[in-house]
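The values are calculated or read from the model by the stated rules, or taken from the named source; none is laboratory data. Nothing here was measured: the structure is a model prediction, and the numbers come from that model. Virtual Cβ from ideal backbone geometry, glycine too; neighbours counted across all protein chains shown. Note: areas computed on protein heavy atoms with side chains; ligands, DNA, RNA excluded. Shrake-Rupley method; radii C 1.70, N 1.55, O 1.52, S 1.80 Å.
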Amino acid sequence: MLISAPIRAPTWISRRRLLEEKLSDLHKWTNLKHVKQVHAQIYKANLFQDLYVAPKLISAFSLCHQMVLAVSVFNQIQEPNVHLYNTLIRAHVHNSQPSQAFATFFQMLSDGVSPDNFTYPFLVKACSGESWFPMVQMVHAHVEKFGFFSDIFVPNSLIDSYSKCGFVGVNAARKLFMVMGERDIVSWNSMIGGLVKAGVVGEARKLFDEMPERDAVSWNTILDGYVKAEEMKMAFELFEKMPERNVVSWSTMVLGYCKVGDMDMARMLFDKMPVKNLVTWTIIISGYAKKGLTKEAIGLYDRMEKAGLKSDDGAVISILAACAESGLLGLGEKVHASINRTKFKCSTLVSNALVDMYAKCGSLDKAYSVFNGMARRDVVSWNAMLQGLGMHGHGEEALQLFSRMKQDGFVPDKVTFIGVLCACTHAGFVEEGRQYFYAMERDYRIVPEVEHYGCMIDLLGRGGHLKEAFRLVRSMPMEPNAIIWGTLLGACRMHNAVDLAGEVVDHLVKLEPSDPGNFSLLSNIYAAAGDWDSVSKLRLQMRRTGIQKPSGASSIEVNDEVHEFTVLDKSHPRSDKIYQMINRLVQDLKEVGYVPKAYQ
DNA sequence: ATAGGGTTAG
């Protein structure tokens, strides 16, 4: 009878040990089904209060983006320790829930648990973006009060987070960097990275030259600085000088040449680089797509898939955004098909990119079908759909979508209103547009920015309310930019307001003195008013200043190839046949009553 | 600590 007790104990211990062994890497699991299974086992074994098991389970749920489950695990623990709090804070940060991370931090303080060296870096990571600057400052103040600067990891992460808070942040990072008693290579790299993000390469370079020692990251960071500034000559010089070049260095160079539009150079480096990864492929495919080179982009996309590389969300979003920018429906559909092949559901971010791509490419049906099938929409999904409808002339439908959005409980943001005003413009709803413009500040507390004024001025101008449009420009709280004046100029041309146009052009030439589009717009206005004297003066001025207006080109995608053509284009080998066809079409049109508009 | 990433007026 005495033996029965000792026998029971080992069973329990061995079960725990078994579980422990099984759970040693639980915090790295990414398969939700497996995590849920083990969660159930932990419950059965009554181990959910275990301070060894619980943090691992929270981490696993966090990796699977199951924050509700992660929090519920946390709430089971009666007396959480620092480690558990840190784990939950990190989980919130990982799932882009900075406010929850801070809520956990405050709960930790009110529970009387002291933060440690690990708490602050996690917390600091939670504050990124302009609005979080005060939060970084707050964490900074806490750290100074409790003296956690002993661990260099803490000030380093403060520098990194400050750098992500815009211009003010970089100043704060600089200050902190200056007073740091001890700096390691990460402190230097973070500071240089911050300056690069703020766009001050010169200062970054000075610091780079001052560094006591440099590693691959230092070199890549400064290289990225030149690439961001589009100074490819400097970048190339540095690239040649680097002691060692890794994938990141090569990819940064390829990105740089894509940015300045030099696809030959980009491709040469891409072909030459010894190791390529998913990011590299994404960069070059997006580069080709942005330039409208469908054939190359599709070819490389196929090659990438054949090489066995699987796109992640980042790759897909990046390529889809490039397709949206230049209207490559073909490649966009291909990417969509390969997503469907590999995934049952896609994330909100990916779906948004798909909606935007289809909408911008004019495939509104497909945009709708992705939009309607989304499990979780956010404000961006609605904005993309709304903008797509407005852009293609479905003003009424766009405004209906806007009310549906509000019914569904989504709060419109400043981008929503750009879509709404734009939809009003394309549908000619002047009065509705005015109402929305005033409602936006009054009911939604969204202060109109220069973009909103731009929409409004376009709406009024097109509607023939030129005087009102001018009044609005003068009453704007900010300086009107070239787009504002350009919008007004377009309206003047539309309504043959020659005298008003002269005033507009004075402003425009000051802001964009070398933009040929402005001159040709003005020239058209004079021509429409029959003022040929002014037209010839303008032409003379253009010739003197060496401004040449590139002719506007249209493009069409046929068999995955983009064809570009201009007015009076004779470059095609079968030009004769093409013009024969056009003439026949014009003839047919005239027969049904079409009167062509001649500009000359 | 370094490379790609959704919505923004003519």
Across A:Lys467/A:Lys510; A:Lys164/A:Lys272; A:Lys310/A:Lys414; A:Lys310/A:Lys345, pairs whose alpha-carbon gap is larger than 24 Å
A:Lys164/A:Lys272; A:Lys310/A:Lys414
Could you check the simple spin-label distance between A:Lys272 and A:Asn81, using points 7 Å along Cα→Cβ, in nm with one decimal?
5.5
Solvent exposure ordering (accessible area, 1.4 Å, most first) of A:Ser72, A:Ser62:
A:Ser72, A:Ser62
Nearest-0.05 FRET efficiency for A:Asn496 and A:Glu431 at R0 = 25 Å, using Cβ-Cβ distance, is 0.55
Given a 1.4 Å probe and heavy atoms of the protein chains only, how would you sort A:Arg205, A:Arg214, largest accessible area at the top?
A:Arg214, A:Arg205
Which length gain, in nm to one decimal place, applies between A:Tyr444 and A:Glu210 when the Cα-Cα distance is subtracted from 0.36 nm times their residue separation?
79.3 nm
Once you have the Cα-Cα distance between A:Ser24 and A:Glu503, take 0.36 nm times their residue separation minus that, and quote the gain in nm to one decimal.
165.1 nm
Computed FRET efficiency, Cβ-Cβ of A:Asp184 and A:Asp312, R0 30 Å: what is it to the nearest 0.05?
0.45
Through the Karplus equation 6.51 cos²θ - 1.76 cosθ + 1.60, θ set to phi - 60°, convert the phi angles of the stretch A:54-71 into ³J(HN,Hα) values in whole Hz; use x for Gly and Pro.
4, x, 5, 5, 4, 4, 5, 4, 4, 5, 8, 6, 10, 5, 5, 5, 4, 5
Please calculate the 1.4 Å probe accessible area of A:Val430, with all protein chains present, and give it to the nearest 10 Å².
20
Just subtract the alpha-carbon distance of A:Arg303 and A:His34 from 0.36 nm times their residue separation and send over the number in nm, one decimal.
93.5 nm
Taking the simple approach of a point 7 Å from Cα along Cα-to-Cβ for both A:Asn117 and A:Glu230, what is their distance in nm?
4.5
Two-site label geometry, A:Val379 and A:Ala141: point separation in nm, points 7 Å out along Cα→Cβ
2.7
Over the Cα atoms of the stretch A:377-427, what is the Rg over Rh ratio if Rh follows Kirkwood?
0.92
So for the stretch A:107-200, what percent of the C-alpha to C-alpha distances run longer than 17 Å?
45
Reachable lysines, given that their alpha-carbon falls under 17 Å from the alpha-carbon of A:Lys295 and they are not under 8 places away in the same chain:
A:Lys306, A:Lys334
Accessible area of A:Met494 in the full protein assembly, 1.4 Å probe (Å², nearest 10):
100
Largest first and rounded to whole Å, the semi-axes √(5λ) derived from the alpha carbon gyration tensor of the stretch A:242-356 read 24, 16, 12
FRET efficiency for A:Phe153 and A:Ser110, Cβ-Cβ distance as r, R0 = 22 Å, nearest 0.05?
0.30
All other residues with a Cβ under 15 Å from the Cβ of A:Leu69 taken together, and with Lys, Arg as +1 and Asp, Glu as -1, what is their net charge?
+3
Identify the chymotrypsin sites (Phe, Trp or Tyr not before Pro) of the stretch A:344-381 meeting these criteria: DSSP loop state and at most 11 other C-beta atoms within 10 Å of the C-beta.
A:Phe344
Accessible surface, 1.4 Å probe, highest first, among residues A:Met268, A:Met135, A:Met357:
A:Met268, A:Met135, A:Met357
